[in-house]
Amino acid sequence: MYKLFRYGKDLIKDGLGLFDWKTDRQFIIIESDDWGSIRMPSIEVFNNLTRAGVCLDNDDGAIYNKYDTLATYKDLEFLLEVLSGFRDSTGRSPVFTPVSLVANPDFDRIRDEGFQTYYYETLPGTLKRYPGCENVLSLWKEGIDKRLFVPQFHGREHLNVIGWMRALNNGHKNVSLAFKNGFWGISTSQDPGIGLELQAAFDFIEPDDLNYHKEVLKSGISEFEKIFGYRPVLFVPPNGPLSSQLETVCFSEGLKYISYPRIQTEPMGRGKTRIRLHYSGKRGRNGLGIFIRNCFFEPSQPGTDWVNSCLLDISKALSKGHPAIICTHRVNYIGALYPENRSNGLRKLNALLASIITKWPDIEFITTEELGRIVYND
């Protein structure tokens with residue numbers, strides 16, 4: 001396998017793409033990550049950390065640090081309005097598969113217990129504490145009923161709990177300062193001593209950490225079912241890292257599909273990794289169906305014409321008979337911190353959907369679960 005890398009990752013990706021599942025139908029799937037996670041609690045927190053010398057605006061998470069927070073009722077109301085304004089060849093509207101988190105840290109209880117034990121609060125509890133979010137779960141459920149916004153699983157928290165607790169107990173300055181402000185998204189670029197990215201919930205250093213990750217998966221899936229009334233079937237690991245040892249737990253807990261990059265860097269612990277190669281339509285050795293995202297739409301990120309870039313991605317996928325699986329993040333549609341960010345994202349989403357329907361009149365918008373049933377005959 002390693003000889004392949006002499007020819008470059010791009011060639012490997014192109015080669016693996018030849019094995020992707022094919023169809024005569026034109027499918028578009030819109031997967032959107034991070035729904036339910038706190039990320040940046042407020043502009044005040046951002047300013048507090050910046051004044052204290054924590055640099056939040058020049059690393060890979062800069063856009064998320066600035067714009068991303070819980071979706072308010074207004075945010076989701078506007079998004080559902082855009083989606084419901086279009087119809088595909090079957091008469092159905094575009095649909096988001098929001099890949100969602102179901103819990104966030106309980107900062108107060110962790111502090112009160114002297115940082116010795118981790119506690120979390122579930123999504124309904126978090127939403128009740130945030131202005132504008134108190135009733136938003138009713139809109140999530142309306143989105144499910146109308147098949148506009150059908151959640152799947154992104155993990156329990158978008159947080160590496162063990163790495164975070166270790167950093168707090170080891171006195172990492174920026175991590176501790178962020179904690180005091182109800183924020184955890186400190187990158188290794190800001191605090192290299194952390195050892196791993198705190199947003200990567202299933203990365204690990206010590207092999208024994210996997211036992212805790214198994215419990216995170218089980219409790220997260222259970223909480224998901226309590227909140228939404230059904231068990232998830234798709235899992236998208238936060239930030240990518242996931243040990244293949246956890247796939248058995250995923251399958252036994254009812255997950256059917258998992259999203260991986262084509263070239264996955266699998267953590268092995270203590271700084272070791274290995275490369276795994278994937279393609280859409282493959283079945284993992286533990287029974288999970290695998291999907292690869294092949295289109296990207298991130299209008300909050302500057303420097304790219306995201307509408308035309310995504311249309312090009314879709315064109316490439318459909319021309320090869322592949323479903324177009326679009327990756328887009330919650331941050332693009334959030335206006336609680338900066339309303340102009342939401343306006344920009346929704347305007348460009350509207351333009352993208354209008355162009356899709358014009359260019360491909362036979363298009364079908366489906367959820368990832370619906371795609372899985374078709375590809376794997378589930």
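Read the figures in this text as sums done on the coordinates, not as results from a lab. Computed from a predicted model, the values in this text were never measured in an experiment. A quick note on method: Cβ atoms are made from the backbone with ideal geometry, for glycine too, and the neighbour counts reach across all protein chains shown.
Using a Gaussian network for the chain with springs between C-alpha atoms less than 10 Å apart, which of these wobbles most: F297, F228, F149?
The residue that fluctuates most here is F228.
How much net charge surrounds V45 when only the other residues with a Cβ under 15 Å from the Cβ of V45 are counted, with Lys and Arg +1 and Asp and Glu -1?
Values: positive: R39, R51, K66, R129, K180; negative: E44, D57, D68.
Within the 15 Å Cβ shell, the charges total +2.
Tell me the label-point distance for the pair R92, E340, using the 7 Å Cα-to-Cβ offset, in nm and rounded to one decimal.
My value for the distance between the label points is 3.8 nm.
Measuring from a point 7 Å past the Cα of D108 along Cα-to-C-beta, which residues in segment 120-141 have an amide N at less than 18 Å?
Counting only backbone N, you get 120-134.
For segment 300-348, just list the percent of Cα-Cα distances falling in each 5 Å bin from zero outward, please.
5, 19, 24, 21, 15, 10, 5, 2, 0
Ratio of segment 140-251's C-alpha Rg to 2.2 N^0.38 Å, to two decimals?
Numbers: Rg = 15.7 Å, N = 112, 2.2 N^0.38 = 13.2 Å.
Normalised by 2.2 N^0.38 Å, the Cα Rg of segment 140-251 equals 1.19.
What does the charge count around Y333 come to, taking other residues whose C-beta lies under 14 Å from its C-beta (Lys +1, Arg +1, Asp -1, Glu -1)?
Values: positive: R39, K74, R330, R342, R347, K348; negative: E31, D33, D34, D68, D75, E77, E81, E298, E340.
With Lys, Arg at +1 and Asp, Glu at -1, the neighbours total -3.
Quick one: net charge around R25, please, counting Lys, Arg +1 and Asp, Glu -1 for every other residue with C-beta under 12 Å from its C-beta. Walk me through the intermediate numbers first.
Numbers: positive: K22; negative: D24, D88, D362, E364, E370.
That works out to -4.
Which number comes out as Rg/Rh for segment 210-335 once both Rg and the Kirkwood Rh are worked out on C-alpha atoms? Before the final figure, lay out the partial values.
Working: Rg = 16.4 Å, Rh = 16.4 Å.
Radius of gyration over Kirkwood radius for segment 210-335 works out to 1.00.
Between I144 and R51, what length in nm is gained on full extension when 0.36 nm per residue of separation is reduced by their alpha carbon distance? Mind dumping the intermediate values first?
On the way: separation 93, 0.36 × 93 = 33.48 nm, distance 4.14 nm.
Working it through step by step, the gained length comes to 29.3 nm.
Computed over the Cα atoms, what is the radius of gyration of the chain divided by 2.2 N^0.38 Å, N being its residue count?
Numbers: Rg = 20.1 Å, N = 378, 2.2 N^0.38 = 21.0 Å.
It is 0.96.
Mind checking the full-extension length gain between K320 and L18? Use 0.36 nm per residue of separation minus the Cα-Cα distance, one decimal, nm.
Working: separation 302, 0.36 × 302 = 108.72 nm, distance 0.87 nm.
The span from K320 to L18 would gain 107.9 nm if fully extended.
Under 16 Å from the 7 Å Cα→Cβ point of T248, by amide nitrogen: which residues of segment 273-295?
284-288, by backbone N distance to the label point.
Within the chain, which is the longest segment containing none of the trypsin sites (Lys or Arg not before Pro) that sit in a DSSP loop and have at most 11 other Cβ atoms within 10 Å?
On the way: sites that count: R270, R285.
The longest such stretch corresponds to 1-269.
Among Y257, Y279, Y119, which one moves the most in a GNM of the chain with springs linking Cα atoms closer than 10 Å?
Looking only at Y257, Y279, Y119, the biggest GNM fluctuation is shown by Y119.
Can you work out the Karplus-derived ³J(HN,Hα) for every residue in segment 167-175? Use 6.51 cos²θ - 1.76 cosθ + 1.60 with θ = phi - 60°, whole Hz, and x for glycine or proline.
5, 5, 6, 8, x, 5, 4, 5, 5
To the nearest 0.05, how large is the calculated FRET efficiency for N135 and K226 if R₀ is 22 Å and r is the Cβ-Cβ distance? Numbers along the way, then the final one.
Values: r = 18 Å, r/R0 = 0.83.
Efficiency at R0 = 22 Å is approximately 0.75.
I'd like the FRET efficiency for I205 and D362, computed as 1/(1 + (r/R0)^6) with the beta carbon distance as r and R0 of 45 Å, rounded to 0.05. Write out the running numbers ahead of the final one.
On the way: r = 49 Å, r/R0 = 1.09.
Calculated transfer efficiency: 0.35.
When the chain is treated as a GNM, springs tying every alpha-carbon pair under 10 Å, which of Y120, Y73, Y338 comes out with the largest mean-square fluctuation?
Residue with maximal mean-square fluctuation among Y120, Y73, Y338: Y338.
Name the long-range amide H neighbours of Q152: under 5 Å, sequence gap of 5 or more, or other chain; modelled H, no Pro or chain starts.
Amide H neighbours of Q152: V99, S100.
Considering only DSSP beta bridges whose two residues both sit in segment 2-376, what percent are antiparallel, to the nearest 5?
Beta bridges within segment 2-376, antiparallel portion: roughly 30 percent.
Largest first, please: the extent of the C-alpha atoms of segment 70-180 along each principal axis, to the nearest Å.
Extents along the principal axes, in whole Å: 57, 24, 20.
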